[in-house]
Protein chains: 4
Amino acid sequence: MHLEASLLLHCPDVKGIVYEVSRFLFERGGNIIDAQQHREEMDNRFFMRVHFDASDMDAPQKSLRGELDTLSAQFDMKCRLQFSDERPKIAVMVSRYDHCLYDLLLRHRYGELHGDVGVIISNHPDLAAVAQHFEVDFHHFPMSGSLKAEAERRILDALKSYEIDLVVLARYMQILTPTLVDPYKNRIINVHHGFLPAFKGARPYHQAYEKGVKLIGATSHYVTADLDMGPIIEQASVPVKHSHSVEDLITMGRDIETQVLANAVKAHLDSRIMVSRDRTIVFD
Amino acid sequence: MHLEASLLLHCPDVKGIVYEVSRFLFERGGNIIDAQQHREEMDNRFFMRVHFDASDMDAPQKSLRGELDTLSAQFDMKCRLQFSDERPKIAVMVSRYDHCLYDLLLRHRYGELHGDVGVIISNHPDLAAVAQHFEVDFHHFPMSGSLKAEAERRILDALKSYEIDLVVLARYMQILTPTLVDPYKNRIINVHHGFLPAFKGARPYHQAYEKGVKLIGATSHYVTADLDMGPIIEQASVPVKHSHSVEDLITMGRDIETQVLANAVKAHLDSRIMVSRDRTIVFD
Amino acid sequence: MHLEASLLLHCPDVKGIVYEVSRFLFERGGNIIDAQQHREEMDNRFFMRVHFDASDMDAPQKSLRGELDTLSAQFDMKCRLQFSDERPKIAVMVSRYDHCLYDLLLRHRYGELHGDVGVIISNHPDLAAVAQHFEVDFHHFPMSGSLKAEAERRILDALKSYEIDLVVLARYMQILTPTLVDPYKNRIINVHHGFLPAFKGARPYHQAYEKGVKLIGATSHYVTADLDMGPIIEQASVPVKHSHSVEDLITMGRDIETQVLANAVKAHLDSRIMVSRDRTIVFD
Amino acid sequence: MHLEASLLLHCPDVKGIVYEVSRFLFERGGNIIDAQQHREEMDNRFFMRVHFDASDMDAPQKSLRGELDTLSAQFDMKCRLQFSDERPKIAVMVSRYDHCLYDLLLRHRYGELHGDVGVIISNHPDLAAVAQHFEVDFHHFPMSGSLKAEAERRILDALKSYEIDLVVLARYMQILTPTLVDPYKNRIINVHHGFLPAFKGARPYHQAYEKGVKLIGATSHYVTADLDMGPIIEQASVPVKHSHSVEDLITMGRDIETQVLANAVKAHLDSRIMVSRDRTIVFD
């Protein structure tokens, strides 16, 4: 049976890391297909992603994680290992806009995502029909005022019961509190319809229109407690003209929102992202 | 002799403006090649650019401006007329970076600019050799501390004596005071090496690097008394990655700086830009 | 009631066309919002699109077409007039790929299209569920060998009975014969998943991969009897690398296919396209 | 003293190559900064670029090439090693267009190129002043008819006497014969002002205009005996409209020609390109 795996690791930069990692895999029968490195000079750390063929390894899912501990200890390394036969579970959170939701569900169907959409969660009932069309569970947790804390607890329960690995905010129009953010650090991806760090907060297309910019942008990022401030994963832009109304910007924005969100979700699911000092390292 | 002209106008929006303008030109022997319009809903103004063949008109350079006054009065119109045989004079102001300067001088040589570079002004002597290579006058006005007011007066004198129509700040690393800004309102174009309104002020590539953005940008704009706040003319962006150092951003930035500055200068010289409420209307 | 209209026209280039057209509209109470022109030098023809406010005109839908005949005769003009309260009917033809179909149906739902999808026609039954989800009629006309002529007649009947104005081939994997092409000249839009005129015909992504190009493209165009040779409406490209497999190209291609097809459909429905000597004029 | 090196290698794909290469470097005191791999499935070959810190190695320039022979023999490997203190010598060949020449000379001055321009060679005398301005040797070898063979011999002599490693055809309007192509296989880079494989040969912008494409492109590639058919290194495109004349395409094309040529030259000088079955592998 063909089996591949991705190993993400980072540690203080010393000589011989690539050699020791490749030796570790070679001695266990792994074959490196592709490896990428990055040295962060400011804090002298080394980041690495190794994509290897594990087909000839002996029960790697059982043994490899344990054996990695020795290597990790030697280099003070943080590691994450993911096998190609594991399918991370995704929760998509939405409000009323459906373009990012359709886009993700279609990409899943086309086999573009290395994971599965386990559940769709919304603070509105409107998109239940989309969930039904794609045969995905849908939960509606109303969010008005006093219900917010209660709703977040129910969302957290749902994420646990669906064993969710990644939460995608696909134009979810609510601010998450630490109740949700903390347990899913660097595992919640949001799309902001503005060119962060410009145009934070509400109505970024209106802000862009008012300022008269000639490019509008969209940004996907990991969610932190600070609104629209988490590590940026992907950004895209599209040129605009004086003749475009705010409504035109909103229409044009949909296309780049879906693109930057999809690319961020794919990069996360492919184990290609690491975070260092609030900046992302996104390997190809 | 073949003669063309561009008429830029704006006025309160009422019915019949296009008709009256086309009648005005038709009755005088002009033939419209191309016209563009824009209605600014917020303040109900109408903006128009008419590009017409004036070859069959009777001494249009002499008569047309006077006759336009009647039409302008009727519609409370502001007009600007430019003939194809007029060559606006450009002053390029630089410090030590030369990439935008070379770019503009080469584009001038290739015939891309509807105007001529009359003089290069710098607060450093370094780029005199570039001016000489392209056979353009060069003036060095030192700018240190106490000399600033004096230098600006000498610059103003130079702009007047060279009969300058457009001032281009091609990575000029000094802030202009109202002494220079006021007399050349909407006639000074700057390039900022950041994605305005984000990353104003100094060292925008360092700011972008620190924030971990995935696109960097450059912005050309008319200069106002507020630093990096004037009406934006053109913006461009280029994707960046975690592996790019600040030096890489600076290198990649040069290419988009030259591009947005050149496009803004061309649009201005082609009489394709109008300003409304601190936003530009840039006709194609 | 607010009413707008678009007038597309072309004629031999003589002096005064803009004036006469604006006079024609002004005298009937129309107000030009926006007009665009193009002069084709090679055959000395003038092309124009006038977008005007017809709210104050007297029953323009009834009278205007007739009155235009006089103007047309004077300038030997071909005209097409479309009012904002008319909704062109679209037929979408598909096979098994659904990405362009979803994209068009969603854009329709978002109000991006000035027209309505009347029917979806396919040579396979697979996409009936998509039609049902968006509540659009679906017809399956099998296309195998001997059935082709029969199927095309039934398609033609369907197009007529649904009063279709525009046929969109959204990755329809059959070649149309003159039976269908001739009655819908410049009213059938196809998307080709290659950078025409390179990579015509079958499997363009495989061709691109083999050649080792560093950009792949997609092309939307009007359908003519010559396969993949009709007037090009829109093209887009995306950079590719040595590491991308043919499957990667297919995945990346989906995004540009939907984009170029949607933009072409919008431009057509907005009455922004004219065809001259097998080249399109696409006004903004 | 700080010293880095790049090792490019390819060989039949077997298990353990990354391990053996990293061991080879580790045992000699090298430290891998960055490594990239590519597996070409069609012919089961493995390609790798290793960028390593050689500062702590013992006289690596002297010893490493010899020691690599053993490793190469073991894996049937082809290797190329380049140290950061080596500066490849570039010859730029031009005719009368100067935009790519200025661009390369400026990038050299900005320190973007890991190499030095040793000589400029032209079949016309026109650009001698550019060479002089940048203080580079210039040789004029006239190319008319009967002189061609003689001129190519003199060019070959010049390339040898300047110890040229890379020949850049910066809009050189002559076809090279095998006299020049053969000795510099995969070491001559050309820029073609069209979107290869479309629009080969002469006047590609005229071809593009005639066909009515909506994107024009430029292509940099290694030169082979087949005109405009060598392995493509980089391509870029820019959108065009019906209103653009052939002259506009030529103007717009200059910007993408300089870009794709500069990027190809940089990639070559950084030892980031390998060629496999007429396709390039261009590592980041």
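Here B:Val240 clears all of (1) of a type outside the set (Lys, Arg); (2) surrounded by 20 or more Cβ atoms within 10 Å (Cβ to Cβ); (3) closer than 22 Å to D:Tyr110 by Cα; (4) in contact with a Gly (Cβ under 9 Å, 6 or more places away or on another chain) except the condition numbered (4). Residue check: C:Ile250 meets all listed conditions (1) at the interface with another protein chain (Cβ under 10 Å from one of its Cβ atoms); (2) part of a helix (DSSP H, G or I); (3) more than 19 Å from A:Asp284 (Cα to Cα); (4) without any contact (Cβ under 8 Å) to a residue 60 or more places away in the chain but one, namely (3). State which residue is surrounded by the fewest Cβ atoms within 10 Å (Cβ to Cβ) when the search covers only segment C:181-233 and only residues that are aromatic (Phe, Trp, Tyr) and under 20 Å from the mean Cα position of the chain (by Cα). Ranking the candidates gives C:Tyr184 first.
Only one entry in C:Glu41, C:Glu86, C:Glu27 is on the phi < 0 side of the Ramachandran plot and modelled with pLDDT under 90, namely C:Glu41. Reported count of residues in segment B:112-150, each being within 21 Å of B:Cys100 (Cβ to Cβ), assigned to a helix (DSSP H, G or I) and hydrophobic (A, V, I, L, M, F, W, C), is 4.
Residues in segment A:259-283 that are surrounded by 24 or more Cβ atoms within 10 Å (Cβ to Cβ) and either assigned to a helix (DSSP H, G or I) or modelled with pLDDT under 95 (or both): A:Val260, A:Leu261, A:Ala264, A:Val265, A:His268.
Restricted to segment A:45-61, and to residues there that are surrounded by fewer than 21 Cβ atoms within 10 Å (Cβ to Cβ) and modelled with pLDDT under 90, the residue that is farthest from the chain's Cα centre (by Cα) is A:Asp58.
Of all residues in segment B:201-217, those being facing another protein chain (nearest Cβ under 10 Å), in a helix (DSSP H, G or I) and either free of Cβ contacts under 8 Å to residues at least 40 places away in the same chain or on the phi > 0 side of the Ramachandran plot (or both) number 3. Of all residues in segment C:159-169, at least one satisfies being surrounded by fewer than 17 Cβ atoms within 10 Å (Cβ to Cβ) and either more than 18 Å from C:His268 (Cβ to Cβ) or within 14 Å of chain D (Cβ to nearest Cβ) (or both).
Results for (1) in contact with a Lys or Arg (Cβ under 7 Å, 6 or more places away or on another chain); (2) part of a loop (DSSP other than H, G, I, E, B), shown as yes or no for each residue.
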site	(1), (2)
D:Ile189	no, no
D:Leu196	no, yes
D:Phe199	no, yes
D:Asp226	no, yes
D:Met229	no, yes
D:Glu234	yes, no
D:Val238	no, no
D:Ser243	no, yes
D:Asp255	no, no
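As a summary of the residue check, A:Glu86 satisfies the conditions (1) in contact with a strand residue (DSSP E or B) (Cβ under 8 Å, 6 or more places away or on another chain); (2) under 15 Å from A:Ser271 (Cα atoms); (3) free of Cβ contacts under 8 Å to residues at least 40 places away in the same chain except for the one numbered (1). Considering only residues that are within 29 Å of B:Ile256 (Cβ to Cβ) and more than 14 Å from the chain's Cα centre (by Cα), which ones fall in segment D:113-128? Of everything in segment D:113-128, those that are within 29 Å of B:Ile256 (Cβ to Cβ) and more than 14 Å from the chain's Cα centre (by Cα) turn out to be D:Ile120, D:Leu127. So, of the residues in segment A:143-153 that are surrounded by 14 or more Cβ atoms within 10 Å (Cβ to Cβ) and more than 22 Å from the chain's Cα centre (by Cα), which turns out to be farthest from A:Leu105 (Cα to Cα)? In this case the residue turns out to be A:Lys148.
Taken together, C:Asp34, C:Asp98 contain a single residue that is free of Cβ contacts under 8 Å to residues at least 60 places away in the same chain, surrounded by 14 or more Cβ atoms within 10 Å (Cβ to Cβ), in contact with a Leu (Cβ under 7 Å, 6 or more places away or on another chain) and not aromatic (Phe, Trp, Tyr), which is C:Asp98.
Applying a threshold of 9 Å to beta carbon distances and a minimum spacing of six or more residues, or different chains, the list of pairs starting in segment D:179-200 at a residue that is within 14 Å of another protein chain (Cβ to nearest Cβ) and within 15 Å of C:Ala198 (Cα to Cα) and ending at one that is small (Gly, Ala, Ser) and assigned to a helix (DSSP H, G or I) reads D:Gly194/D:Ala208; D:Gly194/D:Gly253; D:Phe195/D:Ala208; D:Ala198/D:Ala208; D:Phe199/D:Ala208. When D:Leu81, D:Leu3, D:Leu7 are checked against the criterion of being closer than 28 Å to D:Glu163 by Cβ and surrounded by 20 or more Cβ atoms within 10 Å (Cβ to Cβ), D:Leu7 stands alone in meeting it. Every condition in (1) modelled with pLDDT of 95 or more; (2) closer than 23 Å to A:Asp103 by Cβ; (3) among the hydrophobic types (A, V, I, L, M, F, W, C) is met by A:Met173 except one, and the failing one is (1).
Looking across A:Val50, A:Val92, A:Val21, one residue alone is in contact (Cβ under 8 Å) with a residue 60 or more places away in the chain and among the aliphatic types (A, V, I, L, M). It is A:Val92. Check every one of the strands (runs of 3 or more DSSP E) wholly within segment A:1-109 and list those with 1 or more residues that are more than 28 Å from D:Asp34 (Cβ to Cβ) and either away from chain D (no Cβ under 14 Å) or acidic (Asp, Glu) (or both). The qualifying strands (runs of 3 or more DSSP E) are A:89-94. Within segment C:156-176, the residues that satisfy the criterion of being farther than 17 Å from C:Leu104 by Cα and either touching a residue at least 40 places away in the same chain (Cβ under 8 Å) or touching a strand residue (DSSP E or B) at 6+ places or on another chain (Cβ under 6 Å) (or both) are C:Ala158, C:Leu159, C:Tyr162, C:Glu163, C:Met173, C:Gln174, C:Ile175, C:Leu176.
The values are calculated or read from the model by the stated rules, or taken from the named source; none is laboratory data. Model, not experiment: these values are computed from the prediction. All Cβ positions, glycine included, derive from the backbone under ideal geometry; neighbour counts span all protein chains shown.
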